[in-house]
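Enquirer: Let me give you the structure first, and then I'll get to my questions.
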Number of protein chains: 2
Amino acid sequence: MSVTAAKGFRAAGVPAGLKSTGAPDVALVLNDGPSDAAAAVFTSNRCKANPVLWSERAIADGRLRAVVLNSGGANCYTGAEGFQTTHATAEEVARLNSVDPLDVLVCSTGLIGPPLPREKLLAGVADATAKLSAEGGEHAAEAIRTTDTVAKQASVTSPHGWTVGGMAKGAGMLAPALATMLVVLTTDADVDSPALDSALRSATRITFDRLDSDGCQSTNDTVVLVSSGASGMTPDPFEFTAAVTAVCQDLALQLLADAEGADHEIAIEVLGAVSETEAVEVGRSVARSNLFKAAIFGQDANWGRILASVGTTAATFDPADLDVAMNGVWVCRKSAPAESPEGIDLSGRQVGVTIDLKSGPATATVWTNDLTHAYVHENSAYSS
Amino acid sequence: MSVTAAKGFRAAGVPAGLKSTGAPDVALVLNDGPSDAAAAVFTSNRCKANPVLWSERAIADGRLRAVVLNSGGANCYTGAEGFQTTHATAEEVARLNSVDPLDVLVCSTGLIGPPLPREKLLAGVADATAKLSAEGGEHAAEAIRTTDTVAKQASVTSPHGWTVGGMAKGAGMLAPALATMLVVLTTDADVDSPALDSALRSATRITFDRLDSDGCQSTNDTVVLVSSGASGMTPDPFEFTAAVTAVCQDLALQLLADAEGADHEIAIEVLGAVSETEAVEVGRSVARSNLFKAAIFGQDANWGRILASVGTTAATFDPADLDVAMNGVWVCRKSAPAESPEGIDLSGRQVGVTIDLKSGPATATVWTNDLTHAYVHENSAYSS
């Protein structure tokens, strides 16, 4: 499991005093090679946190030796001082581990605005370096938790002898105010950075990118995939992409299940779309409807709110010929009431919605959570 | 006040048993002329309710003699039967009042899916016709209430002797599940339908269209402006547009103030935009951030959530040079912390957010509400 499941990686997680609780808050993942190939994707938010601005530069050459992460502060909109803190963190990791600072990816998560205490963070880096071990993945996964109730880890090992492992924190933007999804994936497969990039983008496109817990987009989101090449195996590209996708999917569903304040995990499946893009657009519109999400919290099979959301999109469909199912019951056929919603049991955590646009061959599934009292409470009470 | 403030209109509101409470639920507004010029705007949702499908046809020639409205059911996605109910309603209004059915606009509000009881509705039309009076505006405004705690009415009288009056129901989509904004405006000014259309679109563009209580878009929204011409006055076009805009603005702010479940009314003012369109895009992105809205409920001046929303737009700005004020305190300058948010008092109902994009001359204000426990409660509990 986790980031040390793949050979060639050591990791650690330590408390550095960034969190007032004294819980672990600095994680370090070191790539011992022989390869240093890597790829990363970042938030598409134009208001990017300092660590993202740094990390975009660090990954530009497709090479990484280390990933350092902290919880307890997003280091976003903290001015030039904040960028210098990120820079100093990378320099310290580099100095202590004899790597190049531009081969160090930096991730931060926490409140936007307040500065990160630089000295505490650098002391944490030193402590984490001292504790690096091939069994340290669990500790690293612990140290990036914020309001996550459990650490999220996953791994897949190929019958051909290579492994993809990973850890994640956050739940889209549902984790109150912390608002960050950080994911570190490691592999001991020997894969060059263009192939890593291709596999990573292919995987995130249909996993993390389809997780839309509350429609809010983080300033700090980072998903990175680092190869040590330590297995000596060069995998089949399709098998490798499938393995990366499986680990991403596993972590994405763990994030969904742990979304703070959520009572339900909702899969919105769109069928019959002209294109995958349109299927995603329709699924996302439903995933972002507060009225629909509140209805699911209330265990109310209010399919009218689903149609009302579908109608806000530019996707190809006939408004008079839509079918909608909830938990397999086709409550709406040809845009009119069909089977009775009376018997639909929405008391379980898993809810399935299917929308058939009857316009083409494409499909997509978007995942979201319900809108609950606990969501409002946690997101109104967080920073006060 | 209301729709009978202008001469040449009679109105009524009666209980027809569509609502289980026995409250008034059918309203009728009759235009006695001499003019029958009218204009209307409808929801841009592609999944339109039956009354909207009918009314788009009825208004096509720019002439109206009556507007009939019901609460207690949206008549949306109710199949061919539902459209026939709308048609029968218009026919009955026409028959009883000696007007053309295609000069009757129909509006409905309530749950999507369940059929409207046609016989009760038609009996209500007969009862309302019998009770039509030049003082009936108040009753009509009462009869279109759903979860509105008060009836919404407004009027402006020109020193030149003509009047614009109006009534409204709903609060964007914040009114739980009813999800409809219906607005009827009347005037005794003598204005032809192209000029009415121009004044109405100009007014709604900067009033109702900028009210975004929860980002959800109704299947039934209708705003109609009918002229009786009974004052015999032909107004100056600018003065007339200003009067229509004033009545729309008055009603829009009444809707905002009565948004169910809301604790705060939030005005998001965007300055320094390249265009008004971009200013609205930025304002709307903040208005739709659940994280920001929950923070305001918690009286938490969390400006990071404002920047995170601005960053999701395609508007022109420098992410490193944004200014943000909350209630007049510039908490962020050049995208870094500035004045302390500590002293900001968010306990009042009115909250002002100002965002300066520093990129151009355009401005816009978008209004929204906070995200509260009561919103979740009402929208999860409504139809069960």
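The values are calculated or read from the model by the stated rules, or taken from the named source; none is laboratory data. A quick note: this is a predicted structure, and the numbers were derived from the prediction, not measured. Neighbour counts run over all protein chains shown; Cβ positions are idealised from the backbone, glycine included.
Enquirer: Could we say that residue A:108 is within 13 Å of residue A:219 (Cβ to Cβ), touching a residue at least 60 places away in the same chain (Cβ under 8 Å), in a helix (DSSP H, G or I) and among the polar types (S, T, N, Q) here?
Expert: no
Enquirer: Identify, from the list A:80, A:49, A:74, A:140, the residue that is in the same structural domain as residue A:195 (by TED's automatic domain parsing) and modelled with pLDDT of 95 or more.
Expert: Result: A:140 is the single residue among A:80, A:49, A:74, A:140 that is in the same structural domain as residue A:195 (by TED's automatic domain parsing) and modelled with pLDDT of 95 or more.
Enquirer: Could you list all residues from the stretch A:335-347 that are among the small types (Gly, Ala, Ser), surrounded by 14 or more Cβ atoms within 10 Å (Cβ to Cβ) and touching a strand residue (DSSP E or B) at 6+ places or on another chain (Cβ under 9 Å)?
Expert: A:335, A:338
Enquirer: Only one of these is closer than 14 Å to residue B:18 by Cβ and part of a helix (DSSP H, G or I): B:128, B:140. Name it.
Expert: B:128
Enquirer: Quickly run through the stretch A:329-384 and pick out the residues that are among the acidic types (Asp, Glu) and in contact with a Lys or Arg (Cβ under 7 Å, 6 or more places away or on another chain).
Expert: Scanning the stretch A:329-384 gives a single hit, A:370.
Enquirer: Of a type outside the set (Asp, Glu) and more than 14 Å from residue A:16 (Cα to Cα), is that true of residue A:99?
Expert: For residue A:99, the condition - of a type outside the set (Asp, Glu) and more than 14 Å from residue A:16 (Cα to Cα) - is met.
Enquirer: Give the number of residues within the stretch B:71-128 that are within 14 Å of chain A (Cβ to nearest Cβ), more than 24 Å from the chain's Cα centre (by Cα) and at positive phi.
Expert: 1
Enquirer: State which residue pairs qualify: first residue within 14 Å of another protein chain (Cβ to nearest Cβ) and inside the stretch B:205-217, second residue assigned to a loop (DSSP other than H, G, I, E, B) and of a type in the set (Ser, Thr, Tyr) in any location, beta carbons under 6 Å apart, and separation of 6 or more residues or different chains.
Expert: B:216/A:289; B:217/A:312
Enquirer: Could I ask something else about it? Could you name every one of the strands (runs of 3 or more DSSP E) located completely within the stretch B:277-384 that has at least 3 residues being within 28 Å of residue A:75 (Cβ to Cβ) and within 13 Å of another protein chain (Cβ to nearest Cβ)? Walk me through it before giving the result.
Expert: Values: elements: B:323-326, B:329-333, B:350-356, B:362-369.
Passing ranges, in order: B:323-326, B:329-333.
Enquirer: Looking at B:16, B:39, B:27 in this structure, which one is among the hydrophobic types (A, V, I, L, M, F, W, C), in contact with a helix residue (DSSP H, G or I) (Cβ under 6 Å, 6 or more places away or on another chain), in the same structural domain as residue B:246 (by TED's automatic domain parsing) and part of a loop (DSSP other than H, G, I, E, B)? Steps first, answer last, please.
Expert: Details: B:39 fails: part of a loop (DSSP other than H, G, I, E, B); B:27 fails: part of a loop (DSSP other than H, G, I, E, B).
Being among the hydrophobic types (A, V, I, L, M, F, W, C), in contact with a helix residue (DSSP H, G or I) (Cβ under 6 Å, 6 or more places away or on another chain), in the same structural domain as residue B:246 (by TED's automatic domain parsing) and part of a loop (DSSP other than H, G, I, E, B) holds for just one of B:16, B:39, B:27, which is B:16.
Enquirer: Taking residue B:90 and the conditions (1) surrounded by fewer than 24 Cβ atoms within 10 Å (Cβ to Cβ); (2) in contact (Cβ under 8 Å) with a residue 12 or more places away in the chain; (3) within 26 Å of residue A:335 (Cβ to Cβ); (4) in contact with a strand residue (DSSP E or B) (Cβ under 9 Å, 6 or more places away or on another chain), which numbered condition does it fall short on, given that it satisfies the others?
Expert: Exception for residue B:90: condition (1).
Enquirer: Related question: Going through the stretch B:364-377 one residue at a time, which ones are within 11 Å of residue B:269 (Cβ to Cβ) and buried (at least 18 other Cβ atoms within 10 Å of the Cβ)? Please lay out each step first, then the result.
Expert: As a first pass, look at the stretch B:364-377 and keep what is within 11 Å of residue B:269 (Cβ to Cβ): B:364-367.
Once the filter is applied, which keeps residues that are within 11 Å of residue B:269 (Cβ to Cβ) and buried (at least 18 other Cβ atoms within 10 Å of the Cβ), the stretch B:364-377 yields B:364, B:366, B:367.
Enquirer: With modelled with pLDDT of 95 or more and crowded, with 24+ Cβ neighbours inside 10 Å as the only criterion, which of A:55, A:2, A:98 stands out?
Expert: Answer to the selection: A:55.
Enquirer: Consider the stretch A:328-350. How many of its residues are in contact with an Asp or Glu (Cβ under 7 Å, 6 or more places away or on another chain) and either of a type outside the set (Gly, Ala, Ser) or not assigned by TED's automatic domain parsing to the domain that holds residue A:279 (or both)?
Expert: Adding up the residues that qualify gives 8.
Enquirer: Which one of B:67, B:93 is closer than 17 Å to residue B:223 by Cβ, of a type outside the set (Asp, Glu) and in the same structural domain as residue B:152 (by TED's automatic domain parsing)?
Expert: Step by step, each of B:67, B:93 is checked, and only B:67 is closer than 17 Å to residue B:223 by Cβ, of a type outside the set (Asp, Glu) and in the same structural domain as residue B:152 (by TED's automatic domain parsing).
Enquirer: I'd like the full set of residues that are surrounded by fewer than 24 Cβ atoms within 10 Å (Cβ to Cβ) and without any contact (Cβ under 8 Å) to a residue 60 or more places away in the chain, limited to the stretch B:19-52.
Expert: Residues satisfying the conditions are B:19, B:20, B:21, B:22, B:46.
Enquirer: To continue, here is another question. Quick check on my filter: what residues within the stretch A:51-72 are of a type in the set (A, V, I, L, M, F, W, C) and not in a strand (DSSP E or B)?
Expert: A:52, A:53, A:54, A:58, A:59, A:60, A:64
Residue by residue, here is whether (1) crowded, with 24+ Cβ neighbours inside 10 Å; (2) in contact (Cβ under 8 Å) with a residue 40 or more places away in the chain holds:
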position	(1), (2)
B:270	yes, yes
B:284	no, yes
B:302	yes, no
B:327	no, no
B:333	no, no
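Enquirer: With B:204, B:186 as the choices, which residue is assigned to a strand (DSSP E or B) and polar (S, T, N, Q)?
Expert: Exactly one residue qualifies, and that residue is B:186.
Enquirer: Pull up the stretch B:103-137, narrow it to residues that are at pLDDT below 95 and among the β-branched types (Val, Ile, Thr), then point me to the one that is nearest to residue B:256 (Cα to Cα).
Expert: B:109
Enquirer: Next up: Could you go through the stretch B:247-261 and let me know if any residue there is over 21 Å from residue B:104 (Cβ atoms), away from chain A (no Cβ under 14 Å) and free of Cβ contacts under 8 Å to residues at least 60 places away in the same chain.
Expert: Yes, that holds for at least one residue.
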